[in-house]
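Colleague: Let me give you the structure first, and then I'll get to my questions.
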2 protein chains.
Amino acid sequence: MKADVDAARRTAPDRVGVICQALRRAIIERALAPGDRLPEDALGERFGVSRTIARHALGQLGSEGLVELRRNRIAVVATPSWDEARDLFDVRAGLERLVVKRLAGRLTRAQVAELEEGIERERQAKGGPEPISIRLATEFHIRLAEMTGSPVLIRYVSEIAYRCCLTLALFSRPHSSDCAVSEHLEIVAALAGGDADRATALMDHHLDAVAGRALLSEATAKPRNIMDVLAPYALDAAPSKGGRGGR
Amino acid sequence: MKADVDAARRTAPDRVGVICQALRRAIIERALAPGDRLPEDALGERFGVSRTIARHALGQLGSEGLVELRRNRIAVVATPSWDEARDLFDVRAGLERLVVKRLAGRLTRAQVAELEEGIERERQAKGGPEPISIRLATEFHIRLAEMTGSPVLIRYVSEIAYRCCLTLALFSRPHSSDCAVSEHLEIVAALAGGDADRATALMDHHLDAVAGRALLSEATAKPRNIMDVLAPYALDAAPSKGGRGGR
DNA sequence: GGCGCCACGTTTGCATGCACTTTCGCCATG
DNA sequence: CATGGCGAAAGTGCATGCAAACGTGGCGCC
């Protein structure tokens, strides 16, 4: 019955999902940069699982476009070309238009509050480390998608948002997410006000602006020890050191 | 370089992909119906591979939403609910609008010919077995997406088109794809003529019509999920526990 | 006769092992 | 000094083995 379900949940760690999420986070916060190598066994060792699991996780991320898988070769964090980046942002704009269309005038007071709270966190993080800002900004868009209640939309927007982060890591200049806060606020205001046209226009402009800021120059990749970078992300996933990790 | 790539291709059977494609086709042609069980070892035996590969393929299809994976349980072909079906068609319309917007007025003569040739095949198959018609109609939409040259769009449209086939298998009445041929022709004509507005309108109408024919009402649906069938009967019999399982 | 429990077969979860491929350092050669 | 080939090391591709979990049939108990 209920207890059995709970027991099943407790004994169902879904380690593949945990690793995927950890890697996604690492990518979104730029701990992992495009081109970084992700060998199966190093990954497995880091997360305390066998290659089988690590391999599965890589397969998943590969199908999401975050990781490049080539046969007989080490998986690497995807390195989108400039064209792909433009394409990504373009499709993303289309998808997020769908999101705001569904949301305009339909947000509950609680949802608006939740969004504004998130934006407040963005504002507070503005002075702090850039990766956090990027993560928070991305989470805003994903939270928006989640509020549509459409599983497909949620999946696609999340996926493409992560991939866009990847392109930002490649092409953007340092202070590229400055105005995101006010733009996010405006979008929420338009949504709360039920002005669908204004909301879509704002969202379009917002993404255009992000893409414009992002796709101007080309940055240089900086090689380093990827597995060390992963350490903090492995902490709440690996069985080592009993450090319980919520989430 | 080119030679290396070719060599890699030759020695790269990519059996996971082969199995995925086979299953996708089986689903699209209704050889596999929602709820059908897909045990790993049966699959592996059928395709001459080990469970490892079959498992990988199932994971892939699971992330595409074609297969339902529950921990420690046999994978089954996905059984979308009526709400999910509506959502699917809605998002699909949005995506395909993006496709026609990109394509309007940009199709080469060869591409138009290719599309019309495909539609001709659809017309010829009209008298034949229904699964073939469905497959051809779906391939039209996928081919359209492919012509955008946008990998993301291609992936999303393909995926969602396959999933829509699944909902058709569940909810549609026998002769539901009759008018698809003429509607497809009109869309191609509008695209070739460069009339983006008309093309999007036609595509909207087309998908609306397909969804309408398919999803007429919840009442006409013929759900195969026995538990769902029983739900109304359980209402005055069961104590409470309206809890729909899963996910 | 109905109900609950247990034990068995089936199926998945995961790790490991082996074969094959790629990569890279090293040495011989021009 | 540059270069080309070779061999070891590293890494992936895949199958198989074992343990745990699920579902089911049978049995005993009420």
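Colleague: I'd like the FRET efficiency for B:S63 and B:R109, computed as 1/(1 + (r/R0)^6) with the beta carbon distance as r and R0 of 30 Å, rounded to 0.05.
Modeller: About 0.20, to the nearest 0.05.
Colleague: What are the nm distances, shortest first, from B:A33 to its equivalents in the other copies, labels at 7 Å along Cα→Cβ?
Modeller: 5.6
Colleague: Okay, moving on. Per residue of segment B:152-162, what does 6.51 cos²θ - 1.76 cosθ + 1.60 with θ = phi - 60° give for ³J(HN,Hα)? Whole Hz please, x for Gly and Pro, Karplus curve as stated.
Modeller: So the Karplus estimates, Gly and Pro as x, are 4, 4, 4, 5, 5, 5, 4, 4, 6, 5, 4 Hz.
Colleague: With every protein chain kept in the model, how would you rank B:M203, A:M147 by accessible area, 1.4 Å probe, largest at the top?
Modeller: Sorted by accessible area, descending: A:M147, B:M203.
Colleague: Using modelled amide H (1.01 Å from N, peptide plane; none on Pro or chain starts), what sits under 5 Å from the amide H of B:T148, excluding residues fewer than 5 places away?
Modeller: Residues meeting the criterion, in which the H sits 1.01 Å from N, do not exist here.
Colleague: Mind checking the per residue accessible area of segment B:129-170 for me, 1.4 Å probe, whole number of Å²?
Modeller: The answer is 25 Å² per residue.
Colleague: Just to be sure I understand: if you take the accessible area of chain A alone plus chain B alone and subtract the pair, with a 1.4 Å probe, what total do you get in Å², rounded to 100?
Modeller: Counting both chains, the buried surface is close to 2300 Å².
Colleague: Related question: To the nearest whole number, what is the average tally of beta carbon atoms from other chains within 10 Å of the beta carbons of peptide B:149-158?
Modeller: Per residue, the average neighbour count from other chains is 5.
Colleague: Taking every pair of alpha-carbon atoms in segment B:2-77, give the share separated by more than 19 Å as a whole percent.
Modeller: 36
Colleague: What are the label-to-label distances in nm, one decimal and shortest first, from B:I132 to the same spot in the other copies, with labels 7 Å along Cα to Cβ?
Modeller: 6.3
Colleague: Now for a different question. List the residues whose amide H sits under 5 Å from the amide H of A:V67, counting only those 5 or more places along or on another chain, with H placed 1.01 Å from N in the peptide plane.
Modeller: Under 5 Å from the amide H of A:V67: A:G62, A:A78.
Colleague: Go through segment A:187-201 residue by residue and turn each phi into a ³J(HN,Hα) via Karplus (6.51, -1.76, 1.60, θ = phi - 60°); whole Hz please, and just put x for glycine and proline.
Modeller: Result, rounded to whole Hz: 4, 4, 4, 5, 5, 4, x, x, 8, 5, 4, 5, 5, 5, 4.
Colleague: Scan segment A:31-72 for trypsin sites (Lys or Arg not before Pro) in coil per DSSP, keeping those whose Cβ has at most 16 other Cβ atoms within 10 Å, and list them by number.
Modeller: A:R70, A:R71
Colleague: Taking the alpha-carbon centroid of each part, what is the distance from segment B:11-57 to segment A:82-160 in angstrom?
Modeller: Using only Cα atoms, the two centres lie 35 Å from each other.
Colleague: OK, next. Report ³J(HN,Hα) in whole Hz for each residue of segment B:39-55, in order, from the Karplus equation J = 6.51 cos²θ - 1.76 cosθ + 1.60 where θ = phi - 60°; Gly and Pro get x.
Modeller: x, 4, 6, 4, 4, x, 5, 4, 9, x, 10, 7, 4, 3, 5, 4, 4
Colleague: Skipping prolines and chain starts, which residues have an amide H placed within reach, meaning under 5 Å, of the one on A:A75, given they are 5 or more residues away or on another chain?
Modeller: The answer is A:L38, A:E40.
Colleague: Follow-up question, since we're still on this one. Which whole-number percent is the relative contact order of segment A:83-182 (Cα, under 8 Å, 6+ apart)?
Modeller: Reported as a whole number, the value is 36 percent.
Colleague: At 0.692 mPa s and 37 °C, plugging the Kirkwood radius over alpha-carbon pairs of segment B:82-214 into Stokes-Einstein gives what diffusion coefficient in µm²/s?
Modeller: Estimated via Stokes-Einstein, D reaches 225 µm²/s.
Colleague: Can you list, shortest first in nanometers, how far A:S81 lies from the same residue in the other copies, with each label 7 Å from Cα toward Cβ?
Modeller: Distances to the matching label points in the other copies: 4.3 nm.
The values are calculated or read from the model by the stated rules, or taken from the named source; none is laboratory data. What you see is a predicted model, and the numbers here were worked out from it, not measured in a lab. Using ideal geometry, Cβ is built from the backbone for each residue, glycine included, and neighbour counts are taken over all protein chains shown. All accessible areas refer to the heavy atoms of the entire protein, side chains included, with ligands and DNA or RNA removed. Shrake-Rupley method; radii C 1.70, N 1.55, O 1.52, S 1.80 Å.
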